[in-house]
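Participant: One structure coming up, written as structure tokens, with questions to follow.
Only the coordinates and a few stated rules stand behind these numbers; no lab work does. All figures in this text were calculated on a predicted structure; none of them were measured in a lab. When we count neighbours, we look across all protein chains shown, and the Cβ atoms used for this are built from the backbone with ideal geometry, even at glycine.
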Amino acid sequence: MTPRLVYKWYTVVYNASFVIGLVGYIIILGVFFGFAALFSAGPSVMQVGLLMLCYGLYFGVLGRDFVEICTDRMAATIGYYSKDGLPNKYLGEGICAVCGYATSVAPGMIEKPMFEDDPVHQLTCKHVFHEKCIRGWVLVGKKDICPYCKEKVDLKEFKRNPWDTQQQLYLSLLDGVRYLVVWQPFNFSIICLA
């Protein structure tokens, strides 16, 4: 159950950072287009908007990087995933490699699945996972491979709703901000030395 809790925690952090960043962006746009003058707001409104945008992006990047590290550790601890080579355990039929629980009731099975009402998702490699687990693995944990056999996963399979595309764009923005922050000292030193 731990992977689900981590993905749920990340979803809360992601949604909060998204809303804070979006509100900050709307405030900045309002100042640029002169809507702040209609409400006789002072110059500190721009600072508040910029601060909210920066905090939203910062905590979005921080949460995404943290959950990526947690995803590797959790999956390796369960045993069906190994970052470097073959997994420690054999993945039986009807077992989710992300959480380690049964995906459906199979004949002769002693224990019932932990999440009976949870829909399952089958990848092109024919491995079956709980939908929330595999969506968390692929979209949240930034893994584009099957957790067990490491076959490439098509990310288009997970876009069911129109807002999934918006989520992918925001996640790409967070990745861009992370690379900008990581490479900023390098770029700054090149510009200063030139």
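Participant: Would you please give the residues with an amide H less than 5 Å from that of V128, counting only those at least 5 places away or on a separate chain, with H modeled from the backbone geometry?
Facilitator: G94
Participant: Among R135, R73, what is the fewest-to-most ranking by other Cβ atoms within 10 Å?
Facilitator: Least crowded to most crowded, the residues run R73, R135.
Participant: Here is a further query. Hey, fewest Cβ within 10 Å first, where do Y14, Y170, Y55 land in order?
Facilitator: The most exposed by this proxy come first: Y55, Y170, Y14.
Participant: Return the sequence-ordered ³J(HN,Hα) values of region 39-54 in whole Hz as given by the Karplus equation 6.51 cos²θ - 1.76 cosθ + 1.60 applied to θ = phi - 60°, using x for Gly and Pro.
Facilitator: Per-residue couplings from phi come out as 9, 6, 7, x, x, 6, 5, 4, 5, 5, x, 5, 5, 5, 4, 5 Hz.
Participant: I want to check the label-to-label distance for D154 and C54. Put each point 7 Å from Cα in the C-beta direction and report it in nm to one decimal.
Facilitator: 4.4 nm
Participant: Okay, moving on. Output wanted: per-residue J couplings in Hz (rounded whole) for region 61-77, from phi through Karplus 6.51 cos²θ - 1.76 cosθ + 1.60, θ = phi - 60°, x for Gly and Pro.
Facilitator: Each residue of region 61-77 in turn: 5, 4, x, 5, 5, 5, 6, 5, 5, 5, 4, 4, 5, 5, 5, 5, 5 Hz.
Participant: For a quick check: sort D65, D118 by the number of other beta carbons within 10 angstrom, fewest at the front. Write out the running numbers ahead of the final one.
Facilitator: Working: D65 14, D118 19.
Going from least to most buried by this count: D65, D118.
Participant: For region 121-133, what does the Karplus curve 6.51 cos²θ - 1.76 cosθ + 1.60, with θ = phi - 60°, yield as ³J(HN,Hα) per residue in whole Hz, taken in order and with x for Gly and Pro?
Facilitator: Calculated HN-Hα couplings, in order: 10, 9, 7, 5, 7, 6, 7, 10, 9, 5, 4, 5, 5 Hz.
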